[in-house]
Amino acid sequence: MSSAAFEMIVPVLADDIDEQNHVNNTVYLRWVQDVATAHWRAITSPEAQEMIGWVVLRHEIGKATGLTFERFTEIRRKSDRQLFSQPRTLWCPVNTQTGRPMRVSGEVRAQFSV
């Protein structure tokens, strides 16, 4: 095993760009997973690859500030409502005209708060 840095070039495709003309956060998560998988396969033995699988438990992007809106989601199976995941995401409102972050208004926060 090696502790050397692992690098992989990942192209930015047109579909990776969101409405704010930035790479969408979901794309970053895909890249993180793709690179981690490639790194695992590059340095581990076939035996280890057959025995060990990986499941992401948590991703975090960026730093939380006063400009965030926290959302909680539950992912459940439709047939029996079994809970599979409870993601927590932090969102930042962006002014659509300037593309700059803006504070979450009390009115908006109240609409989505329980």
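The values are calculated or read from the model by the stated rules, or taken from the named source; none is laboratory data. Predicted, not measured: the structure shown is a model, and the values here were computed from it. When we count neighbours, we look across all protein chains shown, and the Cβ atoms used for this are built from the backbone with ideal geometry, even at glycine. These area figures cover heavy atoms from the full protein model, side chains too; ligands, DNA and RNA do not enter into them. Shrake-Rupley method; radii C 1.70, N 1.55, O 1.52, S 1.80 Å.
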- request: Quote the charge dipole size of the stretch 1-113 about the Cα centre in Debye, to the nearest 20; the model charges only the Cβ of Lys and Arg (+1) and of Asp and Glu (-1).
  value: 540 debye
message: Using only the alpha carbons of the stretch 58-99, what is the convex hull's orientation-averaged projected area in square nanometres?
response: 4.2 nm²
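Can you give me the % of accessible surface on the stretch 5-66 that is carbon or sulfur? Probe 1.4 Å, all protein chains present, nothing else counted.
Values: 3000 of 5380 Å².
Result for the stretch 5-66: 56 percent of the exposed heavy-atom area is carbon or sulfur.
Would you list LEU13, LEU57, LEU83 from the most to the least accessible area, probe 1.4 Å? Write out the running numbers ahead of the final one.
Working: LEU13 95, LEU57 165, LEU83 65 Å².
Descending accessible area places them as LEU57, LEU13, LEU83.
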- line: Tilt, helix 25-43 to longest principal axis of the chain (alpha-carbon atoms), in degrees rounded to tens, equals 10 degrees
- prompt: Quick one: if you stick a label point 7 Å off each Cα along the C-beta vector at LEU90 and GLN20, how many nm between them?
  reply: 1.3 nm
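Pairs of Cα atoms under 8 Å, at least six residues apart: use those to get the relative contact order of the chain, whole percent. Let's see the in-between values first.
Numbers: 81 pairs, mean separation 19.5, N = 114.
It comes to 17 percent, rounded to a whole number.
Based on the Cβ-Cβ distance of PHE6 and GLN111, what FRET efficiency does E = 1/(1 + (r/R0)^6) give at R0 = 41 Å, to the nearest 0.05?
On the way: r = 44 Å, r/R0 = 1.06.
That gives a FRET efficiency of 0.40.
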Radius 15 Å from Cβ of VAL94, net charge of other residues (Lys, Arg +1; Asp, Glu -1): 0
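Given a 1.4 angstrom probe, what's the average accessible area per residue across the chain, in square angstrom? List each step's numbers first, then the result.
Details: 10150 Å² over 114 residues.
Counting only protein heavy atoms, the per-residue value for the chain is 89 Å².
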- request: Compare the Cα positions of ILE61, PHE112, ASN24 along the charge dipole of the stretch 20-114 (+1 at Cβ of Lys, Arg; -1 at Cβ of Asp, Glu; about the Cα centre) and return the one farthest towards the positive end.
  value: PHE112
field: DSSP-defined beta bridges in the chain - what % are antiparallel, rounded to 5
entry: 100 percent
query: Distance in nm between label sites at ILE52 and PHE72, each 7 Å beyond Cα in the beta-carbon direction?
result: 3.4 nm
statement: For VAL23, the net charge from surrounding residues (Cβ-Cβ under 13 Å; K, R +1; D, E -1) works out to -3
Descending principal axes extents, the chain, alpha-carbon based, whole Å: 56, 41, 26
